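Following: one structure in structure tokens, then a few remarks.
What follows is calculated from the coordinates using simple rules that are stated; it is not laboratory data. Here the structure is a predicted model, which means the values were calculated and not measured. For neighbour counting, all protein chains shown are included, and Cβ atoms are generated from backbone atoms with ideal geometry for every residue, glycine included.
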Amino acid sequence: MKNFLASLAVGAAVTALAAGSAYAQSGSVANAVGGYSFDDAAKEADGTKGFHSNDGVLTFAIVTHTAGNGFFDPVYAGALTAANLIGAKILLLGSESPVDDPARAIEITNQILQDPNLDGLIMTTPQAGAYDDIVRAAEDLGIPIATTNSFDGGILNRNGISHTGQDASAAAIAGEALVKCLMDNGVEGGSIVLPNSTAMGNIEVNNRVSSAYGAIVAGLQAAGKLDAFTVDAGPEGVGVDADPNDPVNAIVGLFESRGDVVGAFAGNNVFTPALAQAVAQTGMTGKICAYGFDLGPAQQEALKAGNLTGALGQQPFLQGFWPVMQLYLEIDRGISAANLDTRAQLVTKDNVAAVGKRFEN
């Protein structure tokens, strides 16, 4: 009995010691090695709210090249979420067109730069080489810039401007999936088409098509099947030319002219819904490996109906959220050019139901 009571006493002491050590939080760090407290370091700088416009509130604008088709809705939602977190004001701006309209976006951007309350600018840059004057104007005004979604690698002061977006090479994920779809379905040969329009001037989309094309060719070659397929991405590997103003009929025309299409890839929010409609109109639902880009309502419905086999999402909520935070960090902390690659999310009929939660499509 004495040994049993002794064991209980030791157990109680160990339990008490463990509880005490939990409250003590052994290993916790209260102050920085430099001597300052983390509580002080986590506070906003005194002059942040008075930056540039000196009106007591940070005002940022985000300008996109197409606000008319729904793709940028979660981008705007992400920007507003971030602005609310830091107590900033966000102006949601963009071309009203349902197709890419860089010229209109540039016009809007030049207008908003004249707003005396503006403290920071976020813009998409799909038309390579068209934004240097905007960067110069913003620098002259003392307004920091962050770019999002589409990437212009040659923009003035590129290495000093943060970018949030998906690297175009992520489109290879769709190319690989398309080849796997063909092999899983036992397809022995046929045509694979990649419709696009270089007239839209979107270098990012061109690079996506090129990346998907490269992955398709490499995948078929690795499977020893390349000679059995015709992979058509146009003479420059950036897409078979198709009319962006009538994309459905353009793709239907491609299908009919080839006569043996077994696979297709579309690289943006213009041609992907059109690809799905073309598949449905030609009675090819379930008979073709059709992959596209973005995860708007049209793409989600097409995946559910089987008119698209898969689509790549580029996490657009992050493309609105992070640039706002980046501008804030640049103003408050002096942190600049911290890029974020939002990568790609392959969505199929099997997991499309999980997409769209909390307005992230």
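Computed quantities for the displayed model
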{"read-out": "Gained length - Val29 relative to Leu329, 0.36 nm times residue gap less alpha-carbon distance", "value": "105.6 nm"}
{"read-out": "Exceeding the 21 Å Cα-Cα cut-off - candidates Lys225/Lys349; Lys225/Lys287; Lys89/Lys357; Lys180/Lys225", "value": "Lys225/Lys349; Lys89/Lys357"}
{"read-out": "Amide H partners (placed H, <5 Å) of Gly292, local residues excluded", "value": "Ala266, Gly310, Ala311, Leu312"}
{"read-out": "Peptide ranges 200-206, 214-220 listed from the most packed, as the mean C-beta count within 10 angstrom indicates", "value": "200-206, 214-220"}
{"read-out": "Pairwise FRET efficiency - Glu107 versus Ala338, Cβ, R0 = 35 Å, nearest 0.05", "value": "0.75"}
{"read-out": "Inter-label distance, nm, simple model (7 Å from Cα along the C-beta direction), Asp241/Ser53", "value": "4.5"}
{"read-out": "Principal axis dimensions, largest first and in whole angstrom, of the chain by Cα", "value": "87, 74, 31"}
{"read-out": "Amide proton proximity set for Val231, modelled H, under 5 Å, gap of 5+", "value": "Ile192"}
{"read-out": "Taking all pairs of distinct alpha-carbon atoms in segment 269-325, Kirkwood radius in angstrom", "value": "11.8"}
{"read-out": "In Hz, Karplus ³J(HN,Hα) per residue of segment 325-342 (6.51, -1.76, 1.60; θ = phi - 60°; x = Gly, Pro)", "value": "5, 5, 4, 4, 5, 5, 6, 8, 10, x, 8, 9, 6, 8, 6, 9, 8, 7"}
{"read-out": "Average projected area [Cα convex hull, segment 169-313], square nanometres", "value": "7.4"}
{"read-out": "Under 5 Å, built H, 5+ apart or other chain: amide partners of Leu340", "value": "His163, Thr164, Gly165"}
{"read-out": "Using a Förster distance of 30 Å, the FRET efficiency for Thr285-Glu96 (Cβ separation, nearest 0.05)", "value": "0.35"}
{"read-out": "Relative contact order (%) - criterion: Cα under 8 Å, at least six apart; region: segment 198-247", "value": "45"}
{"read-out": "Rough spin-label spacing in nm, given labels placed 7 Å along Cα→Cβ, for Glu139 and Asn351", "value": "4.2"}
